[in-house]
Amino acid sequence: LQRLPSENQHILVTGGLGFIGSHTTLELLKANYNVIVIDNLSNAFKVVFDRISELAQKFHSENGTKMPSLRLHQHDYRDTASLRPLLEEYQLPSRWGTPKSKIAGVIHFAAYKAVEESIRHPLKYYANNVGGLIDFATTLGDFGIKTFIFSSSATVYGTLATSGLPLKEELCVHKPEEYTDDAGVVQTAQPGSTGITNPYGRTKWICESILADLAESDPEWTIVALRYFNPVGCDSSGVLGEDPRQAPTNLLPVVTKVMTGEYTQLQMFGSDWDTVDGTAVRDFIHVTDLARGHIAALSTANEGRLIENFRTFNLGTGCGNSVLDVVTTMEAVSSKPIARKEADRRPGDVGYCVAVADRSREELKWKTEKSLKNACEDICNFLHVSGLTPQQSS
Ligand code: WQD
């Protein structure tokens, strides 16, 4: 199958103005893909679109290359009435009635993602994250758009994360899957409950199952589920930061609000976990590394290099850092103390969650290059560029 060079490929990105979506949209444009962003601005600001465009224009003018097209479809991805006319615009003439599209792939970020909120409002999460996916994939299929990168999450590992077992993709499968264990013995992983601790995580697990069944039913689909660990940091320009419309619940944006004085102190949820310093340990991955993981997944899928037409990948560094590590790293980088206090554990939390990232390194030819320190430096730079705090001391 003749593959178009990326500069002729159009990629549809839902939630493309969100934290991870915006950084991925920027990396797609830098990699010469044309991008159509679908975003309803429920958790993002329109100005992010302008920032992405400026950064991409600057990159291409500095490199003497042509700026690909960037377009915003400001609607909810579930609004099929507005989605169908948009997809019609990219239809190609097709023989024998098989629909063909100029859209070479879809990256689906749009979803609700706050663990605690999902515990209080599960139906809202199932309607958007699961119900929305079913209608969206149905419409894409009608237009012959069948390369699909799904934004999943390490939360699908549930309590497996603290079982001490290495968090490999084989632990958490949707069909019986053979793999070779560390002793070199061929094992068969069985689908089953992974002890997920919250509705948000269950929506991601259910979506993966739906997509696995869809791929099984129709070999024309090529589907990749990317299981994010903990995305942090921001683009090194300082222009594109994490700027959610809604109050943040994730660690780094909360630490950022303590640094700007908007919050008085950080509550560290749990100091009695079975970890190096009692605070929880996570795999903090720089959002630019994460975005580049999507480009790697897209080219692997588009070049027909996926081992099977539904495949899950961990996107993490493979290294763990504790909540306290994050606080002390940010204090060292910013030369500013961060007020914090120990608090009770948060419902739905686990004490340890770190990726085994072998599969994405071997099959996507991708690995992380940035560190937690880089992420903290980039956040300080974003605050400085935004005029929110003085530049960090050199
Ligand atoms: C990390 C650690 C908190 C805030 C969640 C989702 C996951 C993904 C990333 C979407 C935990 C502690 C946090 C605070 C704290 N989301 N913390 N004080 O819970 O690991 O993962 O976000 O894909 O799917 O589950 O991330 O950043 O919320 O928390 O002590 O004010 O920081 O208890 O141990 P989490 P997080």
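Points to keep in mind about this one:
- For His73, the amide hydrogen comes within under 5 Å of the amide hydrogens of Val37, Ile38, Asp39, counting only partners 5 or more places away or on other chains and with H modelled in the peptide plane.
- The mean accessible area for residues of the chain, using a 1.4 Å probe and ignoring ligands and nucleic acids, is 43 Å² per residue.
- Grouping the Cα pair distances of the stretch 311-394 into 10 Å bins from zero gives a pair-distance distribution of 15, 34, 31, 19, 1 percent in increasing distance order.
- Comparing Val13, Val287, Val350 in a Gaussian network model of the chain where C-alpha atoms under 10 Å apart are linked, the largest mean-square fluctuation is found at Val350.
- Part-to-part distance (alpha-carbon centres) for the stretch 244-289 and the stretch 1-70, which is given in Å: 28 Å
- Each part reduced to its alpha carbon centroid, the stretch 93-137 and the stretch 309-340 end up 29 Å apart.
- Under 15 Å, Cβ to Cβ, from Arg120 - net charge with Lys/Arg +1 and Asp/Glu -1: +2
- Taking every DSSP bridge with both residues inside the chain, close to 15 percent are antiparallel.
- Cα shape, the stretch 107-234, gyration tensor, a/c 1.5 rule: oblate
- Distance histogram for the stretch 237-312 (every C-alpha pair counted, 5 angstrom bins, percent rounded to whole numbers): 3, 10, 14, 15, 15, 13, 12, 10, 6, 2, 0
- Spatial offset of the stretch 354-391 relative to the stretch 184-222 amounts to 28 Å, using the alpha carbon center of each.
- Take 84-90, 110-116 and order them by the average number of nearby Cβ atoms within 10 Å per residue, most first; the result is 110-116, 84-90.
- The stretch 1-146: C-alpha gyration tensor shape, a/c 1.5 cut-off, then a/b vs b/c: oblate
- When each of the peptides 280-286, 91-97, 20-26 is scored by the mean number of other C-beta atoms lying within 10 Å of its residues, the order from highest to lowest reads 20-26, 280-286, 91-97.
- All Cα pairs of the chain, percent lying beyond 29 Å: 42 percent
- Probe 1.4 Å - accessible area at Ser193, Å² to nearest ten: 120 Å²
- For Leu252, the shell of other residues with beta-carbons less than 11 Å away shows a net charge of 0, using +1 for Lys and Arg and -1 for Asp and Glu.
- When you count the other C-beta atoms within 10 angstrom of each residue and take the mean per peptide, 339-346, 269-276, 228-235, 99-106 line up highest first as 228-235, 99-106, 269-276, 339-346.
- Its residue count N fixes a reference of 2.2 N^0.38 Å for the stretch 241-373, and the Cα radius of gyration divided by that reference is 1.21.
- Our summary gives the chain a relative contact order of 18 percent, counting only alpha carbon pairs under 8 angstrom and 6 or more residues apart.
- Rounded to the nearest whole Hz, the Karplus-based 3J(HN,Hα) values (6.51 cos²θ - 1.76 cosθ + 1.60, θ = phi - 60°) of the stretch 176-188 follow the sequence x, 9, 6, 8, 9, 7, 5, 8, x, 8, 6, 10, 10, with x at glycine and proline.
- Taking every C-alpha pair closer than 8 Å and separated by at least 6 residues, the mean separation divided by the residue count of the stretch 194-300 gives a relative contact order of 26 percent.
- Each Cα pair under 8 Å and six or more residues apart adds its sequence gap; the mean of these over the residue count of the stretch 5-117 is a relative contact order of 34 percent.
- Surface share of carbon and sulfur [accessible, 1.4 angstrom probe, percent] for the chain: 50 percent
The values are calculated or read from the model by the stated rules, or taken from the named source; none is laboratory data. Remember, predicted model here, so these are calculated numbers, not experimental data. Here the Cβ is made from the backbone with ideal geometry for all residues, glycine too, and neighbour counts use every protein chain on show. Heavy atoms of the whole protein, side chains included, go into the accessibility calculation; ligands, DNA and RNA do not. Shrake-Rupley method; radii C 1.70, N 1.55, O 1.52, S 1.80 Å.
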